[in-house]
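Novice: Handing you this structure, nothing more for now.
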Amino acid sequence: MMDFKKLIVFISIFTITLPTAEANSIRLNTRDLSLCLHIDEDGLLFLSYFGKKLKDTADYYNQVKTPIYLDYALKNEAYPAAGGRTFREPALQITHSDGDINTELVYKRSEYKYINENTEAVIVYLEDRKFPLEVKLYYKAFKQENVFTMSSEIINKEPKEIVLHNYYSFYLPVNANKYYLTQFYGSAAKEMSVEEHALTHGMKSIQSRKGVRTTHTENPSFLLSLNSPLEENSGEIIGGALAWSGNFKLNFELDEFNTLYLSAGINSYASEYHLLPDKSFYTPEMIFTYSVNGAGDISRNFHDWARKEGGLYNSHEIRPIVLNSWEGVYFSFDEEKLKKIIDGAAEIGVEMFVLDDGWFGNNFPRNNAKMGLGDWQVNKEKLPNGINGIADYTVSKGLKFGLWIEPEMVNPQSDLAKKHPDWIVKAEGRTVPLIRNQWLLDLCNPKVQDFIFQTFEQVLKLSDNISYIKWDANRHAQSIGSSWLPSNKQSHFWVEYIQGLYKVYERIRQKYPNIMIQACSSGGGRVDYGSLKYHNEFWASDNTDAYQRAFIQYGTNLIYPAIATGADVSNNPNRHTKRIIPFKFRVDMAMTGRMGFEMQPEDLDSSQRALAKEAVINYKKVRDIIQEGDLYRISSPYDKSGYYSIMYVTKDKKRAIFYAFCLDYNGIAITPTFKLNGLSDTKRYLIKELNSAKSILGANEKNIAGDSLIKEGININLRNSYESIVLYLESKD
Ligand code: GLA
């Protein structure tokens, strides 16, 4: 939301207005796509085209000349409002200052803006036919990434307050014969599960009503496959992701004429918003893309956009290998124990040690999840030399140091809860429900925003050597109420909480641009592009079972990039699933994302330690391919083949890394062949197996034509459950 204010200031200073292509038509292009809007004789703005790039001379507005049965509101309005002829889910729904519940938006003018070499924008000004109610639609086109964004600004120029009911960011009518929706659902320890189904008539919604975290239930993103089910390398697909960390709603409304209307934005659930005269409401950005080449292209578009256009914080920086203390020691540690872990981490070659939960609270010591949250002072018993002691030690061993906080939360048993009961989210006169023994602080309140910002500052002051913060959020909102918001504006809670959170992040990022921050929320509860623009990475899941990680990371990386995907090696048996998995499989799986460890290194036997060291050396050599390259999925864990296989390829196609994981035993005689993707068919590649002392792969150390690897594939001796292989490919051509 802040983005747009900045964008407007920026473009009003630096932009050149480009000429409109045709009268009454607006077109934005990326490298391969076009999005066209048209204004009809009645002043209505509708979406005339979204898809493969049209030639400059194309008569893309021709369809509007075909007679249309207006009585049925058949026109594909670009941002329909409730009222007039609208009968579908409206993008905008308002009760005006005099009680009128109709809004009819008509086109006023538009501005094309050149932002930079890669980005163009258009702002379309709409106004209600009756009231001075203005809406600005912001479309941006990111050329190289083939990504568009859309959001809106609603400006109340009426004499009195108006009430916003629906205030979506995005609206897109789509025409196809059939529609297949891929969505992401999940809970803590089962994030980003993938589900696909054909859409039937009526409305399908994906949403959150949990307020402060998105992904535990459903993620605010989707893939929509047109005409046939989702394929990796073929088929028409639209992908979308909303940059919002609060309640969201994505709607897929298939009407009686077989047109699908997509709308997305902040969830209107219990969220009426009172907009005062002369005030604007900015909606969050929806990021969307399209391809005729299947899901692979869509993911690569999202990843490129996130890494190049600010969707992810400081995305140009290679991410360090982390060892986090949580699964190694939980709450039970002292300086000596931590030093041992740090020694072990240093020996393996880890670059960042992160001290997780349990380091704070004195009156209410944080020795379990029941107390201490909110009291961000070092626990003197566990750490008599303070954070500085342990941070200095970490740095002396050649690692960087990071620290866990959960600043939006408070335990009832804490100094903070006793001092500021008015800061707690609660409905007066009702029980305040606990989740994980904790309550939520009311981020609508500027004093709470200040407290959280100051907490961040104070924590950083505990040592000059803190370079990473893991920001956790282990509950969602329930039985909400804010003592800060007036009684007639309690419904602002859901929106103002997230706006408050973003304000805090803006302040933090201004003052601490170089601190790495991980977004954690009981694992991957806050994986969304609203949060990622402030975070360097996210913790994909508390579920570190490498088998289940195949599913979690496959789903996550359909939309979000590997560079941000925290993936750690943990102990056997897995704490959640009790599954026992060979060390190599666990290491190889962690290497598919931002590699890390979550254990006490002393638990490793000598051969595991040797492999850990080797894998860390290898990861350092190839991580630019994983973190900055293109992802190609070769075999999905969902396709029942029993294999999960992916690869990353550098943009110049000279280096690649290939992984295959056997998820299930397929019979005694089977060794799978994988057809590689993303390589150049005119180059030869030297293949080298990594993380394996004695490779038995036939292709190991051989120079093989890319053409053959793509067409014939590579046969791999991968037969037993939890066997895995990692190959490095390099071309000198
Ligand atoms: C959450 C996080 C974990 C860990 C614990 C600490 O569950 O997801 O990684 O930080 O909190 O309490």
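Novice: So, of the residues in the range 655-673 that are over 19 Å from Ala546 (Cβ atoms), out of contact with any Leu (no Cβ under 7 Å at 6 or more places or on another chain) and among the hydrophobic types (A, V, I, L, M, F, W, C), which turns out to be surrounded by the most Cβ atoms within 10 Å (Cβ to Cβ)?
Specialist: Within the range 655-673, the match that is surrounded by the most Cβ atoms within 10 Å (Cβ to Cβ) is Ile670.
Novice: Of all residues in the range 592-607, how many are of a type outside the set (D, E, K, R) and surrounded by fewer than 18 Cβ atoms within 10 Å (Cβ to Cβ)? I'd like the intermediate steps shown before the answer.
Specialist: Within the range 592-607, the first condition is being of a type outside the set (D, E, K, R), and the residues that meet it are 592-593, 595-597, 599-601, 604, 606-607.
Applying the additional criterion that residues be surrounded by fewer than 18 Cβ atoms within 10 Å (Cβ to Cβ) yields 606-607.
So the answer is 2.
Novice: While we're looking at this one, here's another question. Assuming Phe331 fulfils every condition listed in (1) more than 14 Å from the ligand (Cβ to nearest atom); (2) within 30 Å of Gly398 (Cα to Cα); (3) part of a loop (DSSP other than H, G, I, E, B) apart from one, which condition is it?
Specialist: Among (1) more than 14 Å from the ligand (Cβ to nearest atom); (2) within 30 Å of Gly398 (Cα to Cα); (3) part of a loop (DSSP other than H, G, I, E, B), the lone unmet condition for Phe331 is (1).
Novice: Mind checking which residues of the range 32-62 are at pLDDT 90 or above and charged (D, E, K, R)?
Specialist: Of everything in the range 32-62, those that are at pLDDT 90 or above and charged (D, E, K, R) turn out to be Asp32, Lys52, Lys53.
Novice: Here is a further query. Filter the range 523-546 down to the residues that are more than 10 Å from the chain's Cα centre (by Cα) and of a type in the set (S, T, N, Q), then identify the one that is farthest from the ligand (Cβ to nearest atom).
Specialist: The residue in question is Asn536.
Novice: Moving on to the next point. Tally the residues that are assigned to a loop (DSSP other than H, G, I, E, B), in contact with a Lys or Arg (Cβ under 6 Å, 6 or more places away or on another chain) and not polar (S, T, N, Q), restricting the search to the range 251-291.
Specialist: Adding up the residues that qualify gives 1.
Novice: Here's another thing I want to ask about it. Applying the selection to the range 164-197, what residues are hydrophobic (A, V, I, L, M, F, W, C) and out of contact with any helix residue (DSSP H, G or I) (no Cβ under 9 Å at 6 or more places or on another chain)?
Specialist: Scanning the range 164-197 gives Leu164, Phe170, Leu172, Val174, Ala176, Leu181, Ala188.
Novice: Still on this structure, please answer the following. What are the residues in the range 296-316 that are within 24 Å of Gly678 (Cβ to Cβ), at pLDDT 95 or above and surrounded by fewer than 23 Cβ atoms within 10 Å (Cβ to Cβ), if any?
Specialist: Once the filter is applied, which keeps residues that are within 24 Å of Gly678 (Cβ to Cβ), at pLDDT 95 or above and surrounded by fewer than 23 Cβ atoms within 10 Å (Cβ to Cβ), the range 296-316 yields Gly296, Asp297, Arg300, Asp304, Arg307, Lys308, Glu309.
Novice: Let me ask something else about it. Between a residue in the range 347-373 that is over 16 Å from Phe401 (Cα atoms) and of a type in the set (A, V, I, L, M) and any residue that is within 11 Å of the ligand (Cβ to nearest atom) and in a strand (DSSP E or B), which pairs come within a Cβ distance under 6 Å, given they are 6 or more apart or on different chains?
Specialist: The qualifying pairs are Leu373/Met409; Leu373/Gln438.
Novice: Another question, if that's okay. Just the residues that are of a type outside the set (Lys, Arg) and touching a Gly at 6+ places or on another chain (Cβ under 9 Å), please, taken from the range 717-732.
Specialist: Asn717, Ser721, Leu729, Ser731
Novice: Considering only residues that are over 22 Å from Ile563 (Cα atoms), out of contact with any Gly (no Cβ under 7 Å at 6 or more places or on another chain) and outside any helix (DSSP H, G or I), which ones fall in the range 593-609?
Specialist: Within the range 593-609, Leu604, Asp605 qualify.
Novice: Could I ask something else about it? Does the range 162-184 contain any residue that is within 16 Å of the ligand (Cβ to nearest atom), under 29 Å from Leu441 (Cβ atoms) and either in contact with a Lys or Arg (Cβ under 8 Å, 6 or more places away or on another chain) or assigned to a strand (DSSP E or B) (or both)?
Specialist: No, there is no match, as no residue in the range 162-184 is within 16 Å of the ligand (Cβ to nearest atom), under 29 Å from Leu441 (Cβ atoms) and either in contact with a Lys or Arg (Cβ under 8 Å, 6 or more places away or on another chain) or assigned to a strand (DSSP E or B) (or both).
Novice: Continuing with this model, one more query. Run Lys470 past the list (1) assigned to a helix (DSSP H, G or I); (2) of a type in the set (D, E, K, R); (3) within 28 Å of Trp539 (Cα to Cα) and report the number of the one that doesn't hold.
Specialist: (1)
Novice: In the range 674-711, which residues are aliphatic (A, V, I, L, M) and either without any contact (Cβ under 8 Å) to a residue 40 or more places away in the chain or part of a loop (DSSP other than H, G, I, E, B) (or both)?
Specialist: Leu676, Leu679, Ala693, Ile696, Leu697, Ala699, Ile704, Ala705, Leu709, Ile710
Novice: Please work out which residue is surrounded by the most Cβ atoms within 10 Å (Cβ to Cβ), limiting yourself to the range 334-378 and to residues that are among the small types (Gly, Ala, Ser), more than 12 Å from the ligand (Cβ to nearest atom) and part of a loop (DSSP other than H, G, I, E, B).
Specialist: Restricting to residues being among the small types (Gly, Ala, Ser), more than 12 Å from the ligand (Cβ to nearest atom) and part of a loop (DSSP other than H, G, I, E, B), the top hit is Gly374.
Novice: Just give me the residues in the range 416-432 being loosely packed, with under 13 Cβ neighbours inside 10 Å and within 21 Å of Ser487 (Cα to Cα), in sequence order.
Specialist: Of everything in the range 416-432, those that are loosely packed, with under 13 Cβ neighbours inside 10 Å and within 21 Å of Ser487 (Cα to Cα) turn out to be Glu428, Gly429, Arg430, Thr431.
Novice: Then there is this: Please state which one of Lys340, Lys308 is in contact with a His (Cβ under 9 Å, 6 or more places away or on another chain) and of a type in the set (D, E, K, R).
Specialist: On the way: Lys340 fails: in contact with a His (Cβ under 9 Å, 6 or more places away or on another chain).
Result: Lys308 is the single residue among Lys340, Lys308 that is in contact with a His (Cβ under 9 Å, 6 or more places away or on another chain) and of a type in the set (D, E, K, R).
Novice: Anything in the range 169-190 that is within 21 Å of Gly265 (Cα to Cα), within 19 Å of the chain's Cα centre (by Cα) and modelled with pLDDT of 95 or more? List them, or say none.
Specialist: Residues satisfying the conditions are Ser169, Phe170, Leu181, Thr182, Gln183, Phe184, Tyr185.
Novice: Kindly state which strands (runs of 3 or more DSSP E) lie completely within the range 483-592 and contain at least 2 residues that are touching a residue at least 12 places away in the same chain (Cβ under 8 Å) and among the aromatic types (Phe, Trp, Tyr).
Specialist: Hits in the range 483-592: 537-539.
Novice: Going by the structure shown, is Gly246 over 21 Å from Ala81 (Cβ atoms), buried (at least 20 other Cβ atoms within 10 Å of the Cβ) and more than 15 Å from the chain's Cα centre (by Cα)?
Specialist: No.
Novice: Any idea which residue in the range 433-448 is surrounded by the fewest Cβ atoms within 10 Å (Cβ to Cβ), counting only those that are part of a loop (DSSP other than H, G, I, E, B), more than 16 Å from the ligand (Cβ to nearest atom) and of a type outside the set (S, T, N, Q)?
Specialist: Within the range 433-448, the match that is surrounded by the fewest Cβ atoms within 10 Å (Cβ to Cβ) is Pro433.
Novice: Determine if the range 192-214 includes at least one residue that is of a type in the set (A, V, I, L, M), within 16 Å of the ligand (Cβ to nearest atom) and buried (at least 17 other Cβ atoms within 10 Å of the Cβ).
Specialist: Yes, that holds for at least one residue.
Novice: Another one. Just the residues that are buried (at least 20 other Cβ atoms within 10 Å of the Cβ), part of a loop (DSSP other than H, G, I, E, B) and not aliphatic (A, V, I, L, M), please, taken from the range 81-103. Let's see the steps before the verdict.
Specialist: Taking the range 81-103 first, the residues buried (at least 20 other Cβ atoms within 10 Å of the Cβ) are 81-83, 89-94, 96, 103.
Filter once more, so that each one left must be part of a loop (DSSP other than H, G, I, E, B): 82-83, 89-91, 96, 103.
Within the range 81-103, Gly83, Glu89, Pro90, His96, Thr103 qualify.
Novice: Taking only pairs six or more apart or across chains, which ones have beta-carbon atoms under 9 Å, a first residue in the range 315-338 that is within 17 Å of Lys400 (Cβ to Cβ), and a second residue that is within 12 Å of the ligand (Cβ to nearest atom) and not in a strand (DSSP E or B)?
Specialist: So the pair list comes out as Asn324/Asp356; Ser325/Asp356; Ser325/Asp357; Ser325/Gly358; Leu338/Ser325; Leu338/Val329.
The values are calculated or read from the model by the stated rules, or taken from the named source; none is laboratory data. It should be emphasised that the depicted structure is a prediction, and the values quoted were computed from it without experimental measurement. Counting neighbours? That spans all protein chains shown, and the Cβs are built from the backbone with ideal geometry, glycine included.
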